[in-house]
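Novice: Just dropping this structure here.
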Amino acid sequence: MDLLKKEFYKIHLRYSQRKAFRKVPLNAKLTSEQYNKYLAEFKANGIIVIDSYFAQEADELLKEYDYFFKDIKKDDKDYKRIFSLSIKEDLFRRVLDSNLLQLLCEYSESQQYLRASPGLNITYPGFADITSKNIGETKYRDGGFANFYHLDTPNLRQYHILLKDVGMDDPHMLYARKSKQKHFGLHYRIASEEYVETNYELTHCVGPKGTVYVFDGGSGLHRMYATEENYRMSMDIMFTPGNSILKESCPIVNIGEMKFDGFDELQKESLKYLK
Ligand SMILES: [Fe+2]
């Protein structure tokens, strides 16, 4: 076993001792019936997609961060990302959605912590989809574009808010449903196109602006589906049970000034490592 794999196993072991969380009331975005349905679906598949869940917040985010979204170039041919955002407290409270946070806690059976500042993301590949047959021909053969099936950092669970309509002809994430249930052993961090096609059904993370998808990328296989012409815009919010926190590299710019009015206990606790 090489050193990197040993480190991964050590992280898993260290965080197998997890902190309990206390349930909080749901906010008005979901009824308890809807919440229970999504939780069951998330536990079974490792992913859920909720259309237009953040429709209002998506418009506010686009307005708030127009400087980031106004100059989108195909030539970037990559992700354009920004972390360490300055965020208005009220908008932050709503995008750090308590229903989704609780869903992640219940799924993980432990308190979840924000790993970093929510990030803004423009995905503009500028090339057609890559498969394991031709991946070696591109500059992304090392995985820099996440365009082959992979697992993320151990215990990383997250949700992405689409900030434009994203359809099947736009770049989007593919997730192999139920792949989280299999332990991939020593070769568990990547998988071929053929393996995934043979063994799993896919969820396409598409939908109208404001759609959110919540997924377990730490234990379920996923990749970027690339298209040449179009791009995707999103806000990405990442959680772990406490490992791999990116406090130094991506602090939230104005969190120290927040009063956390209206944040519930689950939300406040989730910020513990970023304060
Ligand atoms: Fe990933």
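Novice: With respect to T227, determine if the residue is over 24 Å from S108 (Cβ atoms), part of a loop (DSSP other than H, G, I, E, B) and away from the ligand (no atom under 16 Å from the Cβ).
Specialist: Yes, satisfied.
Novice: A further question follows. Would you list the helices (runs of 4 or more DSSP H) that sit entirely within the stretch 15-127 and hold 3 or more residues that are farther than 28 Å from N155 by Cβ and either touching a residue at least 24 places away in the same chain (Cβ under 8 Å) or within 18 Å of the chain's Cα centre (by Cα) (or both)? Quick ask: steps written out before the conclusion?
Specialist: Values: elements: 32-45, 55-64, 66-69, 89-95, 98-108.
Fully inside the stretch 15-127 and qualifying: 55-64.
Novice: At pLDDT below 95 and over 21 Å from C205 (Cα atoms): does that describe H183?
Specialist: yes
Novice: Can you tell me which of S108, S86, S52 is hydroxyl-bearing (S, T, Y) and loosely packed, with under 14 Cβ neighbours inside 10 Å?
Specialist: None of the other options fit; the residue is S86.
Novice: Looking at N147, N155, which one is modelled with pLDDT under 85, in a loop (DSSP other than H, G, I, E, B), within 16 Å of the ligand (Cβ to nearest atom) and touching a strand residue (DSSP E or B) at 6+ places or on another chain (Cβ under 6 Å)?
Specialist: Unique residue meeting the criteria: N147.
So that you can scan it fast, the table gives a plain yes or no per residue for (1) within 16 Å of the ligand (Cβ to nearest atom); (2) at pLDDT below 95; (3) surrounded by fewer than 22 Cβ atoms within 10 Å (Cβ to Cβ):
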{"site": "S219", "(1), (2), (3)": "yes, yes, yes"}
{"site": "R223", "(1), (2), (3)": "yes, yes, no"}
{"site": "M233", "(1), (2), (3)": "no, no, no"}
{"site": "D236", "(1), (2), (3)": "yes, no, yes"}
{"site": "S244", "(1), (2), (3)": "yes, yes, yes"}
{"site": "I252", "(1), (2), (3)": "no, yes, yes"}
{"site": "G256", "(1), (2), (3)": "no, yes, yes"}
{"site": "Q267", "(1), (2), (3)": "no, no, yes"}
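Novice: Could you list, in sequence order, the residues of the stretch 188-213 that are assigned to a helix (DSSP H, G or I), touching a strand residue (DSSP E or B) at 6+ places or on another chain (Cβ under 9 Å) and among the β-branched types (V, I, T)?
Specialist: V196
The values are calculated or read from the model by the stated rules, or taken from the named source; none is laboratory data. This is a predicted model, so every value here is computed, not measured. Here the Cβ is made from the backbone with ideal geometry for all residues, glycine too, and neighbour counts use every protein chain on show.
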